[in-house]
Amino acid sequence: MVSSYDFDLVFIGGGPGGYVAAIRARQLGLRVALVEKEKVGGVCLNIGCIPSKALIDRASKFNALHELAAYGVKADLSAFDYGGIQAFSRKAAEKLSKGVEFLLKKNEVETIAGTARLTGAHEVSIALNAGGERRISSFAVVVATGSRPREVPGFEFDEKRVLSSTGALMLKKLPRRLAILGAGAIGMEFAFIMNAFGVEVTVVEMLERILPMEDSAAAAVAGKAFERRGVKFLVGTKAFSLDRGSTDGSPLVLSLGTAGSATPDARLEADAVLVSIGRSPNIAGLGLEEIGVALDRSFVEVGDYYETSATGVYAIGDIVKGEPQLAHVASAQGEIVAERIASILGKQTPESGSHASPQPRRVDLGLIPSAVYCEPQVAGFGLREEVLKASGIQFNMASFPFRGVGKAVAIDESEGFVKILTDPGTGAILSAFAVGPEATELIHELLLAKSSELLPQDIFSMIHAHPTLSEAVKEAALAVEGRAIHT
């Protein structure tokens, strides 16, 4: 089929969903345009995942300086300037953003700098950053506009003392005391960063435990490690209001109370507050409702292949209802859309042939890895124990502690474990979780095993190099069979 439109596929938004899918679409021979009003790479690359991981790395190295004191090594920190750390994180983001620009140009994706609005299922109007307007048509349009930090009434961001994650990344000077609302991945990562650099950190979480979306035992290990470093947690606690004081020098005062109560009964003073309680989808001004795209509380409803209720219009990433707001999820969704459009238009993919797997209609939610990059790291995939129990699903569970792994002991990072849950009838891997050194890397061996329908014995029968942290994965697989060696 030959498309009579200007393009076969137009992406609105150049984040990890849009730019990855645009490149994939070009590999498949489609005519592609990408519209981005700011820098390509999106939130993740520019003001999210990448700069925050740069800060985490420097925080880890800063902590190591103090650890060396036990061996007589003294570091002169009198000239320490956090502004230099922050500048390093910005350089990392800028370098990668330029790299994405290069990749788009190399793959001949037409990149248009401007703000897009759908004026029809196949029509996009673009207010160009350089001035003027451009109208283009496309066989299909993919909305990949991402999300922004969620604001709470009474805690509106000023990005000076009441911070979003974006504001926290842009700090060049650190507050003495920081209150963090929300103990999810973002809150915990910033708690680690700020605590490492000497900030007095208190984390307020409405639910009964930190990292509520992660394995509870893994979260408990992380929590104890944070508490030993001086981070305070107030769980089951609600922030009712914020008094910003009469002057910029006045402390911020949070009124706190038990979650579910009607009135506050405690106060917390801080010099800055980071609000990290989720993200809101960016859909305003896109014209979605006008062309018949169904929404649910500002999230876009999608069907197979991420097509919306408006034929020819697709949505991926943080704006999609019911799927995790993660960069790697957006990329996977975008590739599904690109390959779907290529199939409709009669393009043959390199994977086509008698041995090709059927094209997925949606991302498999059971195969999405989660990753929290604090220390210790927390990672996992699949349903947690409490969810399996509540659903009446039977399972076997075994875990192996890092204290039984030679490499972990040698580098003095023996806190944590690797856990595997399996089907008691077939032995199939249901889910897996890890907390400890390089957990966010190690989890992928187990994820590959599950996605390839391998069994624990397939993992432990493979020789793992010694000494490595990945031996924890092998021993956990052995533990499922009651055969763990080093415990």
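The values are calculated or read from the model by the stated rules, or taken from the named source; none is laboratory data. Everything numeric here is computed off the predicted structure, so don't read it as measured data. Positions of Cβ are backbone-derived with ideal geometry, glycine not excepted, and every protein chain shown enters the neighbour counts. To get the accessible areas, we keep the full protein, side chains included, count just its heavy atoms, and leave off ligands, DNA and RNA. Shrake-Rupley method; radii C 1.70, N 1.55, O 1.52, S 1.80 Å.
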Go through segment 365-468 and tell me which strands (runs of 3 or more DSSP E), entirely inside it, have 3 or more residues that are touching a residue at least 24 places away in the same chain (Cβ under 8 Å) and not hydrophobic (A, V, I, L, M, F, W, C). 396-401
Kindly evaluate Arg134 against the criterion of being open to solvent by 30 Å² or more (accessible area, probe 1.4 Å), without any contact (Cβ under 8 Å) to a residue 40 or more places away in the chain and not in a loop (DSSP other than H, G, I, E, B). yes
So, Val378, is that one closer than 24 Å to Gly15 by Cα, open to solvent by less than 70 Å² (accessible area, probe 1.4 Å) and β-branched (Val, Ile, Thr) or not? no
Only one of (1) open to solvent by less than 10 Å² (accessible area, probe 1.4 Å); (2) more than 30 Å from Ala398 (Cβ to Cβ) is not met by Leu211, so which one is it? (2)
Wholly within segment 244-361, strands (runs of 3 or more DSSP E) carrying at least 1 residues that are charged (D, E, K, R): 266-270, 279-281
For Ala168, state whether it is part of a strand (DSSP E or B) and surrounded by 19 or more Cβ atoms within 10 Å (Cβ to Cβ). no
Only helices (runs of 4 or more DSSP H) wholly contained in segment 8-71 count here; list those with 1 or more residues that are out of contact with any Phe, Trp or Tyr (no Cβ under 8 Å at 6 or more places or on another chain) and surrounded by fewer than 22 Cβ atoms within 10 Å (Cβ to Cβ). 18-27, 49-67
Which listed residue is free of Cβ contacts under 8 Å to residues at least 12 places away in the same chain, surrounded by fewer than 21 Cβ atoms within 10 Å (Cβ to Cβ) and not in a loop (DSSP other than H, G, I, E, B), from Ala220, Ala225: Ala220
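For (1) touching a residue at least 60 places away in the same chain (Cβ under 8 Å); (2) among the charged types (D, E, K, R); (3) closer than 22 Å to Thr308 by Cβ, each residue gets a yes or a no:
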residue: Ile112; (1), (2), (3): yes, no, yes
residue: Ala144; (1), (2), (3): yes, no, yes
residue: Glu156; (1), (2), (3): no, yes, no
residue: Ser165; (1), (2), (3): yes, no, no
residue: Leu169; (1), (2), (3): yes, no, no
Could you list, in sequence order, the residues of segment 272-284 that are in contact (Cβ under 8 Å) with a residue 60 or more places away in the chain and open to solvent by 50 Å² or more (accessible area, probe 1.4 Å)? Ile277
Do you know which of the residues in segment 137-165 that are part of a strand (DSSP E or B) and among the hydrophobic types (A, V, I, L, M, F, W, C) is most open to solvent (accessible area, probe 1.4 Å)? Phe139
Residue check, Ser164 of a type in the set (Ser, Thr, Tyr) and more than 17 Å from Pro149 (Cβ to Cβ): no
Those residues of segment 102-117 which are farther than 21 Å from Arg134 by Cα and either open to solvent by less than 50 Å² (accessible area, probe 1.4 Å) or among the charged types (D, E, K, R) (or both) amount to Lys106, Asn107
Would you tally the residues in segment 450-487 being open to solvent by 50 Å² or more (accessible area, probe 1.4 Å) and closer than 20 Å to Pro437 by Cα? 6
Could you look through segment 309-328, keep only residues that are free of Cβ contacts under 8 Å to residues at least 40 places away in the same chain and either among the polar types (S, T, N, Q) or open to solvent by less than 10 Å² (accessible area, probe 1.4 Å) (or both), and pick out the one that is farthest from Thr119 (Cα to Cα)? Val320
Determine whether Glu189 is modelled with pLDDT of 95 or more, touching a Ser or Thr at 6+ places or on another chain (Cβ under 7 Å), charged (D, E, K, R) and farther than 23 Å from Ile85 by Cα. no
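Results for (1) closer than 28 Å to Phe197 by Cβ; (2) modelled with pLDDT under 95; (3) surrounded by fewer than 15 Cβ atoms within 10 Å (Cβ to Cβ), shown as yes or no for each residue.
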position: Val73; (1), (2), (3): yes, yes, yes
position: Ala79; (1), (2), (3): yes, yes, yes
position: Tyr82; (1), (2), (3): yes, no, no
position: Gln86; (1), (2), (3): yes, no, no
position: Ile126; (1), (2), (3): no, no, no
If you check Phe233 against the conditions, is it touching a strand residue (DSSP E or B) at 6+ places or on another chain (Cβ under 9 Å), of a type in the set (A, V, I, L, M, F, W, C) and more than 24 Å from Glu438 (Cβ to Cβ)? yes
So is Ala408 modelled with pLDDT under 95, small (Gly, Ala, Ser) and buried (at least 17 other Cβ atoms within 10 Å of the Cβ) or not? no
Would you check which residues across segment 235-244 are within 17 Å of Phe157 (Cα to Cα) and open to solvent by 40 Å² or more (accessible area, probe 1.4 Å) and list them? Phe240, Ser241, Asp243, Arg244
The lone exception for Ala338 - which of (1) farther than 14 Å from Gly17 by Cβ; (2) buried (at least 22 other Cβ atoms within 10 Å of the Cβ) it fails: (1)
I want to confirm something. Restricting to segment 293-308 and keeping residues that are more than 25 Å from Phe381 (Cβ to Cβ) and open to solvent by less than 40 Å² (accessible area, probe 1.4 Å), which single residue is nearest to the chain's Cα centre (by Cα)? Thr308
Is segment 186-206 home to any residue that is under 30 Å from Leu34 (Cα atoms) and either outside any helix (DSSP H, G or I) or touching a residue at least 40 places away in the same chain (Cβ under 8 Å) (or both)? yes
